[in-house]
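Each remark here refers to the structure printed beneath this line.
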Amino acid sequence: MAIVDLYPTSLRLLGRPVLVVGGGTVASRRAKALLDAGAHVTLVAPVLSAPARAMADAGLLTWHARGYKSADMADAWYAVAATNNADIDARVAVDAETNRTWCVNHSDAQDSAAWTPAVATVQDIKVAVNAGGDPLRAVAIRNAIAAALETGELPLQRFRGTAGGPASRHLDTRDHRSGSVALVGGGPGAEDLITVRGRRLLAEADVVVADRLGPRGLLETLGENVRVIEVGKTPGHHPVPQTEINAILVREALAGNRVVRLKGGDPYVLGRGGEEAVACRENGVDVEVVPGVTSAVSVPAAAGIPVTHRGLAKAFTMISGHEELENVPHGSDHTVVLLMGVGTLNRSMPILEAAGRGPDCPVAIIENGYAKNQRVTIGTLGTIAALAQAGRVRNPAVVVVGDVVRVSPLAPAELATANYGTRETIRTFS
């Protein structure tokens, strides 16, 4: 049999009698798969392997503890010959041909009337792969496809309703019972730092409500029928107020859409995700929160800076650059992470300096974390504001204040000495 001779199809075997001849490992796997498909399985073999014996003892199938007889084929819609004896398997295949029953002959794949593909099931998607009679190759390809479906790299969105189940719906006949909202944290911006769950939900979405930060490149992978609603904010400019964003999420979900609210970082870390979740629940909308990698921790890491480090810092405080800093714990051994704090450096740095850190406390600013144009500026509390102005540092950026900046491979050598002065470095990543 050549691969061009195959006509791929799917069999609905629910309630139909099928025959498996053989009691070993392969036969038990095939019997289990047929049982999962709802078939009535008859297993013919003098001796059974442990998995097959367990199914027989549980009454899941009918077992004839003997050798194969031609009469066994009489009522079968489908047959599997897997005795590991080529002569017996050939007899089963000949009887199946005479009976016009499709049969998989595991002793002679090239002459088999049917092949068993490598199968993966992801949600209600079933993928079957044949690879020219090479089962290991088929399994490898199947696994790769399944992984791409699980991670959302392949589209999961439905375009037609499926018969029966509660998820069934047509795109043009929506109702509020099938709508939902997922608040997805996209991480600091790199497309491959979103979680697997977040990526999959994005692939299933009908509507994406997007910020200006986060993995924007993933929007280009969406299908043409997916609507993207832009609600991005910039400092001091909120073209779509939060109340309207909440209303959009509720309205689209009640229209029957699967809505993804794609955010940068984590939805619950200065992302107002809590407000959006409350709005959904108050309006009877099913909502889930998918955590993301917050920029407060990940963006410093992109510059080689841990927010805690043994001997340097045991704790850290994350705060918006727009907030007051007077109550932040004192000392350079307590890391301070400021989000979107570039515009307030002239006010925030003197406050932190006066609170016991001193002018020589190390400071790093990481712009566009994980992007191709990531840039790191390193100075001190006494110099960083002037440095940032001279270097035209802009948001989005994360400011890290504390001794942990010394750990960065981008920090100047003076940071490791007691005589650290005011040398600053600006490094650009390409």
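The values are calculated or read from the model by the stated rules, or taken from the named source; none is laboratory data. Quick caveat, the model's predicted, so the values are computed rather than measured. Positions of Cβ are backbone-derived with ideal geometry, glycine not excepted, and every protein chain shown enters the neighbour counts. Surface areas here come from the heavy atoms of the whole protein model, side chains and all, with no ligands, DNA or RNA. Shrake-Rupley method; radii C 1.70, N 1.55, O 1.52, S 1.80 Å.
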Among R261, R310, the single one that is within 28 Å of P409 (Cβ to Cβ) and among the charged types (D, E, K, R) is R310
The residue that is most open to solvent (accessible area, probe 1.4 Å), considering only those in the stretch 333-350 that are within 21 Å of G264 (Cα to Cα) and assigned to a loop (DSSP other than H, G, I, E, B), is M340
Q.
So, A56, is that one touching a Phe, Trp or Tyr at 6+ places or on another chain (Cβ under 8 Å), free of Cβ contacts under 8 Å to residues at least 24 places away in the same chain and not polar (S, T, N, Q) or not?
A. yes
Picking from V250, V260, V208, the residue that is open to solvent by 10 Å² or more (accessible area, probe 1.4 Å) and of a type in the set (A, V, I, L, M, F, W, C) would be V250
Only one of (1) open to solvent by less than 10 Å² (accessible area, probe 1.4 Å); (2) free of Cβ contacts under 8 Å to residues at least 60 places away in the same chain; (3) under 23 Å from R142 (Cβ atoms) does not apply to M73, and that is (3)
If you go through L34, L48, L19, L43, the only one that is crowded, with 21+ Cβ neighbours inside 10 Å and under 37 Å from the mean Cα position of the chain (by Cα) is L34
Within the stretch 281-292, residues of a type in the set (V, I, T) and surrounded by 23 or more Cβ atoms within 10 Å (Cβ to Cβ) come out as V290
Picking from V228, V297, the residue that is open to solvent by 30 Å² or more (accessible area, probe 1.4 Å), assigned to a strand (DSSP E or B) and free of Cβ contacts under 8 Å to residues at least 60 places away in the same chain would be V228
When every residue in the stretch 351-383 that is out of contact with any Gly (no Cβ under 9 Å at 6 or more places or on another chain) and part of a helix (DSSP H, G or I) is compared, the one surrounded by the most Cβ atoms within 10 Å (Cβ to Cβ) is L352
In the stretch 79-100, residues that are in contact (Cβ under 8 Å) with a residue 60 or more places away in the chain and either open to solvent by less than 30 Å² (accessible area, probe 1.4 Å) or over 45 Å from the mean Cα position of the chain (by Cα) (or both) total 7
**Request:** For the stretch 120-129, state whether one or more residues are at positive phi and under 23 Å from the mean Cα position of the chain (by Cα).
**Result:** yes
Picked from the stretch 377-398 (must be modelled with pLDDT of 90 or more and under 29 Å from the mean Cα position of the chain (by Cα)), the residue farthest from T294 (Cα to Cα) is A397
Given the conditions (1) open to solvent by 60 Å² or more (accessible area, probe 1.4 Å); (2) over 20 Å from Q157 (Cα atoms); (3) within 21 Å of the chain's Cα centre (by Cα), every one holds for P239 apart from (3)
In this structure, does G304 turn out to be open to solvent by 10 Å² or more (accessible area, probe 1.4 Å), without any contact (Cβ under 8 Å) to a residue 12 or more places away in the chain and of a type in the set (G, A, S)? no
Of the residues in the stretch 317-332 that are crowded, with 17+ Cβ neighbours inside 10 Å and part of a loop (DSSP other than H, G, I, E, B), the one that is modelled with the lowest pLDDT is G321
Taking the stretch 90-121 and keeping residues out of contact with any strand residue (DSSP E or B) (no Cβ under 6 Å at 6 or more places or on another chain), over 15 Å from V20 (Cβ atoms), small (G, A, S) and modelled with pLDDT under 95 leaves A109
Selection from the stretch 272-294 of residues assigned to a loop (DSSP other than H, G, I, E, B) and more than 19 Å from I366 (Cβ to Cβ) yields R272, N283, G284, V285, P291
A careful count of residues in the stretch 183-202 that are β-branched (V, I, T) and surrounded by fewer than 24 Cβ atoms within 10 Å (Cβ to Cβ) gives 2
